[in-house]
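For reference, the structure discussed in these notes is given below.
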Amino acid sequence: MLTNTRAAAAKYRRYPKHIWSPAGGWYSQPSNWKVNTAIMGACVFGVTAMMWNLSAQREHRYKFPEQGRFFPSRYWSKQIIEHEKAQKNDSSSSS
């Protein structure tokens, strides 16, 4: 009997009603939380992709990465890609 009383008391626990929250307040569980989460995830992904693209476009290197060394921005930096194509063309034309 004691556990049923505790469960009922926990269900109707008192909370301050003068506090407003954009998330819905205390004990909030909106019915469409999965859709809201998916929308926000898509927004975060979109903003991240735009910032990544802007960063890749503005990236400028004075010293290029060494040949054969792992360098992640080698795959998306326009300047490094053009530099490596030029190196490959120079080495193939000189051979």
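The table below gives the values:
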item	result
Residue in the range 46-61 that is modelled with pLDDT of 80 or more and over 22 Å from the mean Cα position of the chain (by Cα) present	yes
Verdict on ARG74 being of a type in the set (Lys, Arg), in contact with a helix residue (DSSP H, G or I) (Cβ under 8 Å, 6 or more places away or on another chain), assigned to a loop (DSSP other than H, G, I, E, B) and on the phi < 0 side of the Ramachandran plot	no
Long-range neighbours under 9 Å by Cβ, at least six apart or interchain, first residue assigned to a helix (DSSP H, G or I) within the range 31-46, second surrounded by 10 or more Cβ atoms within 10 Å (Cβ to Cβ)	ASN36/PRO30
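The values are calculated or read from the model by the stated rules, or taken from the named source; none is laboratory data. Keep in mind the model is a prediction, meaning the values are calculated, not measured. Heads up, the Cβs are rebuilt from the backbone with ideal geometry, glycines too, and the neighbour counts pull from every protein chain shown.
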